[in-house]
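Take a look at the structure set out below.
The values are calculated or read from the model by the stated rules, or taken from the named source; none is laboratory data. These figures come from a predicted structure and were not determined experimentally. All Cβ positions, glycine included, derive from the backbone under ideal geometry; neighbour counts span all protein chains shown. Quick note on the areas: whole protein, heavy atoms, side chains included, nothing else; ligands and nucleic acids left out. Shrake-Rupley method; radii C 1.70, N 1.55, O 1.52, S 1.80 Å.
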Amino acid sequence: MKFLSCTLMGFGKLYRRSFTFSDGIHVIYGENEKGKTTLRTFLVGMLFGLERKRGAASKRDEFHKYQPYLGGMYGGSLGILLDGKTYQIQRNFMDSSDIIVYNERDGKKVSERKELSGTLFSMTKEGYLQTLCISQGEIQTDKTLGRMLNHYLTNMSRSKSREINITHAVSYLRKELRKLKKEPVYLELEEVRRQIKEQQDKTDEISALQEQIEALHREIYHLKAPGSLWERIKRWIRRLFGLADQRELEQQRLEYQAQILQYKIEQIKKEQELNEELRTRYVNLKEQQKEIEYNRKAIEDAIQAIIEASEEIHQEFGNEFQEKVSSVIKTITNGTYEKIRIDDSMGIVVEKNGSFLDINYLSTGTIEQIYFAVRFAAAEVLFPNERFPIILDDVFGSFDNIRLKQTLQYLTGLDRQVFIFSCRKEVIKLLEEIRCSYQLIEI
């Protein structure tokens, strides 16, 4: 991307001001409080909008800070070159949704009421401010850049694309795993297993009932036996006088009990006919369970494989990132420091004369050069296909002339627009010393 021109209709202290830009180095020069940071904030705001907070914090946010001093329209336009096409972006900051993008070739709207990040380009405001857009006193990175890099490196594929989001993939697989663990087949299988156990218990009950029936039949058999002569006479006398035969009554009672027990057995057997259906259902459920367990194991293996792959990828691209940082720092320190090591929390050590030093033991100027290199390398890693302009707003306060000259030489060799906002004439002088062409814009 390149900035082509901009017009500030009303933005802070700048009113109806227009600027045109070219390739290469731009020096926006002016004394303090002349509007350099205002112009820088406008350029970034045209791409990503302005920070707008609520409550007491709103009094110090970008939106309120840069409202037009002279009133009128709060906004303007920005012309950019992106992917070989020229666009004009128009914003009214009073309405955060009042954004229009025109294709300057035919004047047609290509976007309206949509933020540009995610539509015209993938760069985010957070990403820009953590890499290529550096303001005074903010050259050192914070944990935000570390999180961005860790997220990016974790989600890189071996083909160095970001098409596969490993974090999302693992999250999705774990969600699917939780679903499988809650499959109703597990509850149903448990219920069928319980019912089958109950049927097995009833089989034992049938055996017990049959033993009782056999015992009753033995008693009935004994009652039917002829008995002694005296017993037969007594039965004859009782029948003669119409009295009930106690043996017959007892026999009838036992036969009735046996019938009741046999009825219970028949009822249980009818219930047991369903047992085969339960067993068939049980077999089917076990097959389903087996398939689910297979899928669960496959998902668990996939999660483990992805995690192992992401660790390998993280290591591979982490090394590449450190090499990029080392290459930049070697150039801008003229070989004084050649290797940088960066951990996951953005802790940095430098190698010098075969030993490592924590950057806290280095001078402020050297530390800022290192963070300068980290930011540029991060931009190469995070947004490799979007050559956004570099914006440096009074960031060279701790650079002596040697460091500043080395850094400017590095910037002149980049295939990007560079905007240096400064109140130091040394910047212009050193650019002329290294015979670098530049566009001077005085505010």
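Report yes if F421 is touching a Gly at 6+ places or on another chain (Cβ under 6 Å) and open to solvent by less than 10 Å² (accessible area, probe 1.4 Å), otherwise no.
When the stated conditions are applied, F421 does not pass them.
Can you tell me which residues in the stretch 25-58 are within 16 Å of L392 (Cα to Cα) and over 37 Å from the mean Cα position of the chain (by Cα)?
From the stretch 25-58, those within 16 Å of L392 (Cα to Cα) are 25-32, 35-45; that's our starting set.
I25, H26, V27, I28, Y29, G30, E31, N32, G35, K36 - these are the residues of the stretch 25-58 that are within 16 Å of L392 (Cα to Cα) and over 37 Å from the mean Cα position of the chain (by Cα).
Considering each of E266, E312 in turn, give the residue that is open to solvent by 60 Å² or more (accessible area, probe 1.4 Å) and modelled with pLDDT of 65 or more.
Values: E312 fails: modelled with pLDDT of 65 or more.
Going through E266, E312 in turn, the sole match is E266.
Of the residues L261, L285, which is under 29 Å from L209 (Cβ atoms) and either modelled with pLDDT of 85 or more or touching a helix residue (DSSP H, G or I) at 6+ places or on another chain (Cβ under 9 Å) (or both)? Quick ask: steps written out before the conclusion?
Working: L285 fails: under 29 Å from L209 (Cβ atoms).
The match here is L261.
Looking at (1) assigned to a helix (DSSP H, G or I); (2) open to solvent by 50 Å² or more (accessible area, probe 1.4 Å); (3) closer than 24 Å to V374 by Cβ, can you tell me which one E432 breaks?
Tallying (1) assigned to a helix (DSSP H, G or I); (2) open to solvent by 50 Å² or more (accessible area, probe 1.4 Å); (3) closer than 24 Å to V374 by Cβ, E432 fails exactly one: (3).
Out of everything in the stretch 328-349 that is without any contact (Cβ under 8 Å) to a residue 24 or more places away in the chain and within 32 Å of the chain's Cα centre (by Cα), what residue ends up being surrounded by the fewest Cβ atoms within 10 Å (Cβ to Cβ)?
Taking the candidates together, the pick is D343.
Taking the stated definitions as given, is Y69 open to solvent by less than 60 Å² (accessible area, probe 1.4 Å), out of contact with any Leu (no Cβ under 8 Å at 6 or more places or on another chain) and at pLDDT 90 or above? Before you say what the answer is, go through the steps one by one.
Working: open to solvent by less than 60 Å² (accessible area, probe 1.4 Å): no; out of contact with any Leu (no Cβ under 8 Å at 6 or more places or on another chain): yes; at pLDDT 90 or above: yes.
So Y69 fails the test.
Within the bounds of the stretch 394-405, is there any residue that is aromatic (F, W, Y), within 23 Å of L39 (Cα to Cα) and either touching a His at 6+ places or on another chain (Cβ under 8 Å) or assigned to a helix (DSSP H, G or I) (or both)? Give the steps one after another, and end with the answer.
As a first pass, look at the stretch 394-405 and keep what is aromatic (F, W, Y): 396, 399.
Checking which are within 23 Å of L39 (Cα to Cα) leaves us with 396.
Now restrict to residues that are either touching a His at 6+ places or on another chain (Cβ under 8 Å) or assigned to a helix (DSSP H, G or I) (or both): none.
Checked against the condition, which is being aromatic (F, W, Y), within 23 Å of L39 (Cα to Cα) and either touching a His at 6+ places or on another chain (Cβ under 8 Å) or assigned to a helix (DSSP H, G or I) (or both), the stretch 394-405 yields no hits at all.
Please enumerate the residues belonging to the stretch 1-36 that are more than 22 Å from M123 (Cα to Cα) and either free of Cβ contacts under 8 Å to residues at least 12 places away in the same chain or open to solvent by 60 Å² or more (accessible area, probe 1.4 Å) (or both).
Matches in the stretch 1-36: K13, Y15, R16, R17, S18, T20, E31, N32, E33, K34.
Return yes or no: is S5 under 30 Å from Q409 (Cα atoms) and at pLDDT 95 or above?
On the way: under 30 Å from Q409 (Cα atoms): yes; at pLDDT 95 or above: yes.
Answer is yes for this residue.
If you check R232 against the conditions, is it of a type in the set (D, E, K, R), modelled with pLDDT under 70 and open to solvent by 90 Å² or more (accessible area, probe 1.4 Å)? Steps first, please.
Working: of a type in the set (D, E, K, R): yes; modelled with pLDDT under 70: yes; open to solvent by 90 Å² or more (accessible area, probe 1.4 Å): yes.
Yes.
Out of curiosity, is F48 touching a helix residue (DSSP H, G or I) at 6+ places or on another chain (Cβ under 6 Å), closer than 30 Å to P384 by Cα, hydrophobic (A, V, I, L, M, F, W, C) and open to solvent by 10 Å² or more (accessible area, probe 1.4 Å)? Steps first, answer last, please.
Working: touching a helix residue (DSSP H, G or I) at 6+ places or on another chain (Cβ under 6 Å): yes; closer than 30 Å to P384 by Cα: yes; hydrophobic (A, V, I, L, M, F, W, C): yes; open to solvent by 10 Å² or more (accessible area, probe 1.4 Å): yes.
Yes: the conditions hold for F48.
Would you point out the residue of the stretch 74-93, among those that are in a loop (DSSP other than H, G, I, E, B) and either modelled with pLDDT under 95 or not hydrophobic (A, V, I, L, M, F, W, C) (or both), that is nearest to F19 (Cα to Cα)? Before you say what the answer is, go through the steps one by one.
Within the stretch 74-93, the first condition is being in a loop (DSSP other than H, G, I, E, B), and the residues that meet it are 74, 83-84, 93.
Adding the requirement that they be either modelled with pLDDT under 95 or not hydrophobic (A, V, I, L, M, F, W, C) (or both) leaves 74, 83-84.
Numbers: Y74: 17, D83: 22, G84: 21 Å.
If we take residues in the stretch 74-93 being in a loop (DSSP other than H, G, I, E, B) and either modelled with pLDDT under 95 or not hydrophobic (A, V, I, L, M, F, W, C) (or both), then Y74 is nearest to F19 (Cα to Cα).
State all residues of the stretch 354-406 that are open to solvent by 10 Å² or more (accessible area, probe 1.4 Å), under 17 Å from I428 (Cα atoms) and of a type in the set (D, E); if no residue qualifies, say none.
D394, D400
Table: residues versus (1) hydrophobic (A, V, I, L, M, F, W, C); (2) in a helix (DSSP H, G or I); (3) modelled with pLDDT of 85 or more.
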{"residue": "E176", "(1), (2), (3)": "no, yes, yes"}
{"residue": "E188", "(1), (2), (3)": "no, yes, yes"}
{"residue": "K197", "(1), (2), (3)": "no, yes, no"}
{"residue": "Q200", "(1), (2), (3)": "no, yes, no"}
{"residue": "E205", "(1), (2), (3)": "no, yes, no"}
{"residue": "Q210", "(1), (2), (3)": "no, yes, yes"}
{"residue": "E214", "(1), (2), (3)": "no, yes, yes"}
{"residue": "Y221", "(1), (2), (3)": "no, yes, no"}
{"residue": "G227", "(1), (2), (3)": "no, no, no"}
